Each structure stands twice: as C-alpha cells, then as structure tokens.
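Each remark here refers to the structure printed beneath this line.
The values are calculated or read from the model by the stated rules, or taken from the named source; none is laboratory data. All values derive from a computational prediction rather than experimental measurement. Cβ atoms come from the backbone with ideal geometry, glycine included; neighbour counts cover every protein chain shown.
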C-alpha cells in the first residue's frame, strides 16, 4: 500500500519511527512525502505527485498554530487576524478538495489544538475566545468527515491532553527545524497514526483471556474467601471494579472474553453469584477454563473451541510465571506485561494497541453472543454420533444476497480481516468494492446463516468474475467467518454458484487457492467438492448438463 | 597490559596523536545507528555532508539521540555552532563534565 503524509511542518521526523513500526507489524507500505509545507500545492494542483501516486491512505497533519503566531487580537472575535482566517479557510477547502479528488483514498486528518504559547493568561478570564475558535474548527472537521466518507478525524488533541505540550514539544526544533515534536512526541504521534492504520486495515486481536486472582479481583479467592478479596466501588478495590468495566466495554465492542484461571470452579462460581461488585458475569465469557491444568493447554483449547487462531488471543495474567510459560510455549499469543500495581491496570489495558475499530458493525455487537451460541452448538455436537445427523438437527437456513448499501460495511470488514477461510486473501478496499459493484463483470454476494440456536449474521462473502464471453465464471474470492467453519456451508454456497451459472448456460467454474500462513481451513474446499486442479492453485469444475444435489440439511434462500 | 598503558600515556602527553582518536566509540556507534550505517571512519574533521545519509533532518535526530544517551541538553546556539564531528565530540565532553 501507499501512504502519503501531507503537512505544514516537518513531519518527516516521524518516518523512521513509523517505518520501524510498520515493519514489526509486517505491513508493507511505501511512504510518500512531497516535502515540507507542500500540502496546499499538492492538493490544489491536479498535476501534482499526489494525484499521480494515488495513495491508499493520506495522513494530513496541519498544525493550525503556525497560522496564528503573533496575531492574537483580544478585542476581535474570533481573536485572530483576517489573514489567519484566510489560511484556515484554505485548510478546510483543501481537505474537501482532496476528499473529492481522491475519492478512493482514505484521508486521516488531525484535529486542532491550541499551542500553550498562544495563551493570553488571566486576560482571558471570561472569554476563552481562542479556545472557542479552535473548538469551532474541530467541530467543522467533524461535519466535513460526516459528509465525506473517506475522511476520518484523528484525535490528536487527546494525546496532547494526555502527555502535555511541555513533554511532547521541543522549541529548539520548532525554530531550527520547523517541527515541534520531541522524541516522546514523535513516538506518541507515530503510535496514534499506527492505531488508525491498524483500524483501517482491520488488524486487531479477537479475544482477551483473563486470569482471575489478582487480575479481576485482588487476593486469592481459594485462600482469602469471598468477603476478603479486594473488589469494590470505592478505594483500592475500585481499581479491579474499573478494570472489569473496561473489559466489559471491550466485550460490548465485540471482543471475546474468556477465563483462564487456576482455581476451583465452585469457589469462582460463588464470586460470580454473590459478590456485589462483580461487573463481569458468566454470560460475558465465551469460554471459561477454570481448572488446575496448564494454562498453555487451556489457551490452546480456548482457541480451538472458539475456532479462532491462537495468535488472536491476548492473555492477561498478574503472574510473571504464567506469562513467561505462555510466552515461551505459545509465542503467537500476545502476553502484555501487566503492571505490578493494580491501580495501573485500567490505563494499561486502555493503552494496549490491540483493539482498534473505526466503525462497529451489528455483527461486532452480536459477536460474543454468537460465540457463546457456538459453544452450545459444540456441546450439542458431542451428543450426535453422525455429523450429518447433527447438521440436520441444526436446521440451518442460509440466505444469499447481492451486495447493497446495508451489507457493504460488513462485506468490506470480512474482506479486510478474515484470515482462515479466505481462498485468495485479496484485501479489496472500499473503493475497489464500489468499482466492482458498478461493473457488469463482477458480482459480490454475502450470506447469513441462521440455525435453531440463533442468527449468526453475515458470515461470508464471495466474489464472482464473469468472463466477457460468459463461457466461464471465476470465484475470485470466497470468504467465510471462522464462526461457521465445519458446517459444510461452503458446499451449499458452491451449489448456489453452480445453479446460478447453469441458469446462464455457463459451462465452467474456475477458482483459485492462494495459500497463506493462515488459510489452511479453506485449502481443500474446491478439491473436496470435486474441482480439478489444472495448474498450481488453479481449479476448475465442468458443470455442463451435470446435476449437483444440495445436502438435505440446508435451506438455501436467495434474496 | 603494560604496553597498552604506556601507549596511552604517550598519547595523553602527545595531544596531536590523540586527536585522531578523539571520536568516542559511543558517539560513533550512535551516529552509525541513527544513519543505519554499518561502518564509517570518523575523524574530528568529518563533516555531516561527508557521511552518507547525514542530512539536516538526521542532524536533529542525532542531536536528540545524543542528548538522550549522554543525559545532556544542548542550547540552540551550541547546536548551531557545531561544524564537524570534532566540535560535536568536544561539546558532548564539555556538557558531560558540567553535569
């Protein structure tokens, strides 16, 4: 991907740091920077490099304080000069201009803050006009971003509030190098941009596995007893109460919570049932491993039961011993160093950069529910000896629908983040999907799966590409959420595709498998169905005059 | 060992020969790291423009890293007064001694 930085100060100071961070995350990106204070020229000149490069992502960082220097007029409202206002106007014009001219790029715009050096002190005791002015600019930024879908606002103000200007800025650099940010400032700025890039790319962890003793409450329940553990809505015990609330908040965003604790189940159940300040309840946990087994085994089982990769788990445990054990034996699991002091748990958890979302879909809200249901399905599974009997008992209903504005966000999300059942792992962007929607060559479908346990929501996407002479159709992408793997849904979808192709007298279905480190679960989807590999990774199925029967345990509905 | 000490004493007495060695390994390694270079022979007379990648931007990142590494802080005029690597080393030594 191509990332462009546009700025009115020397933002290139951030590049080394940012590049290193991209590298650690295995994000392959080319950074393009047209030079110091070139943003207006680049944006307003259609011949500029910006438009020939067409970056996927633009970070537009404009420090409005550069336009306000030495121009504070306490008697006018807003308290800035005409020329400052004009320059500010230019910024907004340029944002809207670039948003429209590069409609397929995503543009991240920093919001504005007031440089402490522009403070007029006590004179402003009942005015705060300058603050109000900056706030009005930020308000305008929000308005622009809500009417231009490719603009996303970055809350730069928040890191400035958090760390303070004195800790982030170095005025020697401001005067000598046209950038204020010191090392700490560059580090935080770089982290902030990276969080947004991760949200944009859908890079995030799916699950938090928590320990109980000294993690969700203070003390050891088995020794101290329910009345002596530290957990309350006041004093030191409140740190655990607050920590649980943050976890609950992640749960509500669709992050799966599980327990991984060495304890006796009945003792823990008592806490769940009787402790008045236990924020998290059993229903918030998709899996509860409360036993005396090795935590490594428990985590492996957790991943298996949830059908998620072990590398999508973040493990939170106060015990250094357990953390080291997990780190050593399961290096894929993310094991942050929980602070020794529980009063720091909340800020620590908040700062973990693992759970970045830009927008939440209905499915995100519902996800935990479905994982819980899945768990019940798995339990039910064990009571059947024949998998087909089991599948039949699920009463599955699959609804297939061509893409529309309502399914669009979820489709893009699945394309961006599904790793396991993803035949070609082509990460199409919003813009590319839109292009396909407007083309006769392409068809994009999503599907939902309902069963007697509940609604799984949109769990899959497939993209069809028609040959111009309509002699064949290619399954360009076939993506399915890991939640529904193992239920032969893929076969039902292939039936749909075949029926559809036969109806338009198409004779051949082509398909491709591009292996990745993670897409093992879908490697054999075409082979198992009876496709023939005619070239490495390329599969085809002749469907002319052939009859394919849909297994009786599906009801297939095409909308 | 005895030889080494004798050489050092000789060098200390003879200020001209020690000047070639005046760029400390600590400074050298720090510059190499910031510029992503494997090796470079620095002398007191080395100018930024003689070293691959040492542009005005890197100039500041090197200064900031030096401050962090040596626990010192330069004044703006001191930063502006640095003409070559020798100046930089002398300034570091001066600042470190002041602490």
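A single member of A:457, A:530, A:486 is modelled with pLDDT under 95 and out of contact with any strand residue (DSSP E or B) (no Cβ under 9 Å at 6 or more places or on another chain), and it is A:486. Checking the range B:49-68 against the condition returns a match, with at least one residue being at pLDDT 90 or above and more than 23 Å from residue A:14 (Cα to Cα). The set of residues in the range A:393-412 that are touching a helix residue (DSSP H, G or I) at 6+ places or on another chain (Cβ under 8 Å), in contact (Cβ under 8 Å) with a residue 24 or more places away in the chain and either over 23 Å from residue A:506 (Cα atoms) or not in a loop (DSSP other than H, G, I, E, B) (or both) comprises A:393, A:394, A:396, A:398, A:400, A:408, A:410, A:411.
Regarding the range A:28-45, can at least one residue be identified that is buried (at least 16 other Cβ atoms within 10 Å of the Cβ), closer than 30 Å to residue A:334 by Cα and away from chain B (no Cβ under 14 Å)? Among the residues of the range A:28-45, at least one is buried (at least 16 other Cβ atoms within 10 Å of the Cβ), closer than 30 Å to residue A:334 by Cα and away from chain B (no Cβ under 14 Å), which makes the answer yes.
In summary, helices (runs of 4 or more DSSP H) completely within the range B:19-99 and bearing 2 or more residues that are away from every other protein chain (no Cβ under 14 Å), touching a residue at least 24 places away in the same chain (Cβ under 8 Å) and closer than 20 Å to residue A:183 by Cβ occur at B:25-35, B:85-98. Scanning the range A:453-468 for residues that are assigned to a strand (DSSP E or B) and under 21 Å from residue A:428 (Cβ atoms) returns A:457, A:458, A:459, A:460, A:461, A:462, A:463, A:464, A:465, A:466. Just to be sure, is residue A:145 more than 14 Å from every other protein chain (Cβ to nearest Cβ), within 24 Å of the chain's Cα centre (by Cα), free of Cβ contacts under 8 Å to residues at least 60 places away in the same chain and under 24 Å from residue A:105 (Cα atoms)? Spelling it out, residue A:145 is indeed more than 14 Å from every other protein chain (Cβ to nearest Cβ), within 24 Å of the chain's Cα centre (by Cα), free of Cβ contacts under 8 Å to residues at least 60 places away in the same chain and under 24 Å from residue A:105 (Cα atoms). None of A:359, A:366, A:388 is modelled with pLDDT under 80, within 30 Å of residue A:336 (Cβ to Cβ) and loosely packed, with under 14 Cβ neighbours inside 10 Å except A:359. The number of residues in the range A:1-27 that are within 14 Å of another protein chain (Cβ to nearest Cβ) and within 19 Å of residue A:99 (Cβ to Cβ) comes to 2.
A single entry from A:13, A:18, A:59 fulfils the requirement of being buried (at least 20 other Cβ atoms within 10 Å of the Cβ), assigned to a helix (DSSP H, G or I) and modelled with pLDDT of 95 or more: A:18. Residue A:278 meets the conditions (1) crowded, with 18+ Cβ neighbours inside 10 Å; (2) at pLDDT below 95 in every case but one. The failed one is (2).
If you go through the range A:336-345 and keep only what is surrounded by fewer than 17 Cβ atoms within 10 Å (Cβ to Cβ) and outside any loop (DSSP other than H, G, I, E, B), you end up with A:343, A:344. The single condition among (1) closer than 21 Å to residue A:314 by Cβ; (2) surrounded by fewer than 21 Cβ atoms within 10 Å (Cβ to Cβ); (3) out of contact with any helix residue (DSSP H, G or I) (no Cβ under 8 Å at 6 or more places or on another chain) that residue A:285 does not meet is (2). Please verify whether the range A:444-462 includes one or more residues that are farther than 24 Å from residue A:488 by Cα and in contact (Cβ under 8 Å) with a residue 24 or more places away in the chain. Within the range A:444-462, none of the residues are farther than 24 Å from residue A:488 by Cα and in contact (Cβ under 8 Å) with a residue 24 or more places away in the chain. State whether one or more residues within the range A:176-190 are under 30 Å from residue A:410 (Cα atoms) and either within 14 Å of chain B (Cβ to nearest Cβ) or modelled with pLDDT of 95 or more (or both). Among the residues of the range A:176-190, at least one is under 30 Å from residue A:410 (Cα atoms) and either within 14 Å of chain B (Cβ to nearest Cβ) or modelled with pLDDT of 95 or more (or both), which makes the answer yes.
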